[in-house]
1. Take every DSSP beta bridge whose two residues both sit in the chain, then give the antiparallel share in percent to the nearest 5.
2. For Kirkwood radius over Cα pairs in Å, the choices are [x] 21.8; [y] 19.9; [z] 19.4; which was calculated from the structure?
3. So if R0 is 35 Å, what FRET efficiency would Ala94 and Leu290 give, r being the distance between their Cβ atoms, rounded to the nearest 0.05?
4. Take the Cα of Val170, step 7 Å along the line toward its Cβ, and report every residue of the range 82-110 whose backbone nitrogen sits under 20 Å from that point.
5. Calculate the spin-label point distance for Leu10 paired with Ala75, positioning each point 7 Å from the Cα along the beta-carbon direction, and give it in nanometres.
6. So what are the ³J(HN,Hα) numbers for the range 120-134, from phi and the Karplus equation (6.51, -1.76, 1.60; θ = phi - 60°), rounded to whole Hz, Gly and Pro as x?
7. Rounded to the nearest whole Å³, what is the per residue volume of the convex hull around the Cα atoms of the range 48-102?
8. If r is the Cβ-Cβ distance from Lys302 to Leu266 and R0 is 22 Å, what FRET efficiency results, to the nearest 0.05?
Amino acid sequence: MRIAIIGAGLMGHALALVFAIGGHRVRLTDTNAETLARAPALMEKARQTLAAADEAGVLSAEGLRERVTLAPTLAEAVAEAELVIEAIIEKPEAKRALFEQLDAAMPPGAILASNTSYLDVFPLMPAARLPRAIIMHWYTPPYLVDLVDLVGSPECPPELVDEVATMLRVMGKVPLVMRRFLPGYIANRLQSALSLECYRLLDEGYASPQEIDEAIIHGLGLRLLLLGQMAKGDFTGLQLSAHALANKMYAPPPIRGHSDALNAALAQGHSGVMTGRGLYDWGGDDPAALLAERDRRLLALKKAVREIGPMAGLDPATKEKDKA
């Protein structure tokens, strides 16, 4: 399939790599010439990380250059596209303006997809595009995280969403087709609830960032990775879950809309790995090296999980049989 990706930043260049590895031809563009110019090196760095881990299907450097073309203009990027993915800033007016430009430039039969995380973009799209419009939401970095949220517009036939889902499965991804749009979908909503509690613990002095992460990594993480949350309840025993709900053992913290610890870090210019410090001090290490090390460890973890295999009830193949 011929793919056009609009936006070559953190997500856009990585999506170009994902689709190139999946066997598709990609045209990548960005309104910022510097951002577009940086994309090939970033893609190549990620490709090398995948290749070093012996990931199946990884392209050679030459193959990547052949499959991904940098397009200096929007019109050139989408002229022959069958699937157009916008991966720009999460601002309604910016997306609305882009959709209007795309409507004028992309082929009538092309699928229009948005990588939006929280916005309901369908009201922002030209009405004529809605029958072939979907949300295709990825997680960072998309060449390692396989989950993809799919939502068809109210006018989009289920068959088109199924077609896209099948394409993603062939690429080794795990599409989750939502029944209707919900801001944040499933994973981001769960992550938001967890973050709300984490920042409360931090702001009220119950724990340090490291202690919170140790509780997640060494307590929650291992079991969640294998079983998820709902199947974990089956193994613990649903009676315990029922007792916890009845006893009201947990009261969600109030939604303050900010975190004192987070705001303090940002006020000092500490925004995370890219600046050398966030809630942790990363010791002045090269951000690219830190990202590569994260990717290497995630790949090792994915490999181990693949070798272990899912529990029967969580096996995607079993789910497909149940649907048949």
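We did not get these values from a lab; they are worked out from the coordinates using the rules stated. In this text, all values refer to a predicted model and were calculated from it rather than measured experimentally. Note that each Cβ is placed from the backbone with ideal geometry, even for glycine, and that neighbours are counted across all protein chains shown.
1. Working: 7 of 30 bridges.
Around 25 percent antiparallel, to the nearest 5.
2. Identified label for the calculated read-out: [x].
3. 0.75
4. It comes to 82-85, 109-110, nothing else.
5. Between Ala75 and Leu10, the simple spin-label model gives 3.3 nm.
6. Per-residue couplings from phi come out as 7, 7, 4, x, 8, 8, x, 4, 5, 8, 4, x, 10, 10, 9 Hz.
7. Values: hull volume 7.2 nm³, N = 55.
Convex hull of Cα atoms, per residue: 132 Å³.
8. Details: r = 32 Å, r/R0 = 1.44.
For R0 = 22 Å, the calculated efficiency reads 0.10.
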